1. Tell me which of these residue 303 doesn't satisfy, since it passes every other one: (1) of a type in the set (D, E, K, R); (2) within 17 Å of residue 266 (Cβ to Cβ); (3) in a loop (DSSP other than H, G, I, E, B).
2. What residue, among those in region 249-268 that are of a type outside the set (D, E, K, R), in contact with a Lys or Arg (Cβ under 9 Å, 6 or more places away or on another chain) and not in a loop (DSSP other than H, G, I, E, B), is farthest from residue 281 (Cα to Cα)?
3. For residue 132, are the conditions met, namely being assigned to a strand (DSSP E or B), of a type in the set (Phe, Trp, Tyr) and under 26 Å from the mean Cα position of the chain (by Cα)?
4. What is the number of the single condition among (1) open to solvent by 40 Å² or more (accessible area, probe 1.4 Å); (2) touching an Asp or Glu at 6+ places or on another chain (Cβ under 8 Å); (3) not aromatic (Phe, Trp, Tyr) that residue 278 does not meet?
5. In region 226-248, which residues are part of a strand (DSSP E or B) and over 21 Å from residue 214 (Cα atoms)?
6. If residue 163 passes every condition in (1) of a type outside the set (Phe, Trp, Tyr); (2) assigned to a strand (DSSP E or B); (3) more than 20 Å from residue 75 (Cβ to Cβ) but one, which one does it miss?
7. Identify, by number, the condition in (1) without any contact (Cβ under 8 Å) to a residue 24 or more places away in the chain; (2) at positive phi; (3) not polar (S, T, N, Q) that residue 347 doesn't meet.
8. I'd like the full set of residues that are open to solvent by less than 10 Å² (accessible area, probe 1.4 Å) and polar (S, T, N, Q), limited to region 136-161.
Amino acid sequence: MEWSCPFGQFPFVVNGGTNMKWRFLLVFFISLIGFSAQAHAESLQKQIDKTPSGGTLKLFDRVYREQATIRKPITIVGGEKTLLKAGYDKTVLTIENTKDVTLKNLNFSRSQSAIDVKKSSQIHIENLKMVYMFSGVNIRNSSDVHVKNFKMRGINGQYADKGTGIAAYDSKRINISDSDITEVLDAYYLERVTGSRIINNIATFSRYGLHYMYGKDIYATGNTLENNVTGIMLMIAKNALLEKNKIQYQSDWNSSGFTLYNAENIVTKNNELIGNRTAISSQNMKKSTILDNTFLTNQTAVEFTGSYKENKVEHNDFLGNIVNIRSDGTASNIVGNYYDDYSGFDVEDDGIGDSKYVALQSFGQWMVREPAYQYYIESPSVVLLNQMDQQTNKTETSQLVDEKPRMKSITEFETDRPMKMWLIILGGILFIGSLYGWRRSVKI
């Protein structure tokens, strides 16, 4: 029997059983192609609805131009070229009234927002990329939300025309890590959030890098906030630890590294604050500590407004700043810091200066108000003015006074100590080698 292949006129000579087998395989192959094409063409919402609760949906490498809603436990994983968009006035994915949802490896573009999380818990969002988005992820009335490795670039324009990168409202236990957000209004915004952990993130070219409102139990560490108007804006908040962050080059008019406003029990520790107009602006802050920070080449390092005596400024390095500390006349507890412009001596060799340090500096105050004055730094008249300040300020006893200024900076100590250890080890090796060589020469 002869049978013609549908893909050409190539004849086959087969018996009856083989003929039936070929027909079955052909029908199966064609139906498989048709099923795959149909699945590939299905809407995102239909694919979500067909995935069983607790199941995993793997998306195709295609563009999904639609909105979708998730109301059940599910894992959605995108491919390398999976792209989701819904339009400049729409949200792509909404997660609401559910728990145990995981989104991974998704790309978003040209939409109002990527993801809205509402009244949900145990949400994991990982490896998302977004470009030309008004806002990224919005979280409301939810708990235990984890966002990791989130990258976003906002739209062009003024800050008023942009949205937030990641925002959370009225929520608990929000965790954001290893993310990079640029060119938005606020990169990370948390309002009335209890228990937030913001770790190893980057925020650049935005209004506020990290913005807290009415929050408590706050932890932020390892973040790099650069070239924003303000690095961290913390307003009306309680119980915060801000440590090991790098805050640099917030240098526009009225810019600051940290603005701590009407806050209580705030610990700012082990941060690097470099090249900011005002490194830390403290306004009506209570029961708070500025500890072990490095203030380097800022116009003003620490500024107090409406301060309280129980606030502490301890064990910090002030290096190359125009003004180290200034206030509106209110006092804080300032002790044990290093100042590179301190001119005192340490006769007792205990690491503490024998005379107090007073941070009042007339020219520095003027230069902060009028930046053009910086061109007169180290001119004879300015040097004379600073010397007069030093003599006059010796009578100051109530404010901006460090009774125990350190003679050595933390930075020097931490840099020198490993070097000294290596020198000791190297010296020991050389001594033992010399002793061994001497003994051999004596025996000979």
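The values are calculated or read from the model by the stated rules, or taken from the named source; none is laboratory data. Fair warning: this is a prediction, and the values are worked out from it, not measured in the lab. A quick note on method: Cβ atoms are made from the backbone with ideal geometry, for glycine too, and the neighbour counts reach across all protein chains shown. Only protein heavy atoms, including side chains, enter the accessible area calculation; ligands, DNA and RNA are left aside. Shrake-Rupley method; radii C 1.70, N 1.55, O 1.52, S 1.80 Å.
1. (3)
2. 265
3. yes
4. (1)
5. Across region 226-248, the qualifying residues are 226, 246, 247, 248.
6. Exception for residue 163: condition (2).
7. All conditions pass for residue 347, except number (2).
8. 142 - this is the single residue of region 136-161 that is open to solvent by less than 10 Å² (accessible area, probe 1.4 Å) and polar (S, T, N, Q).
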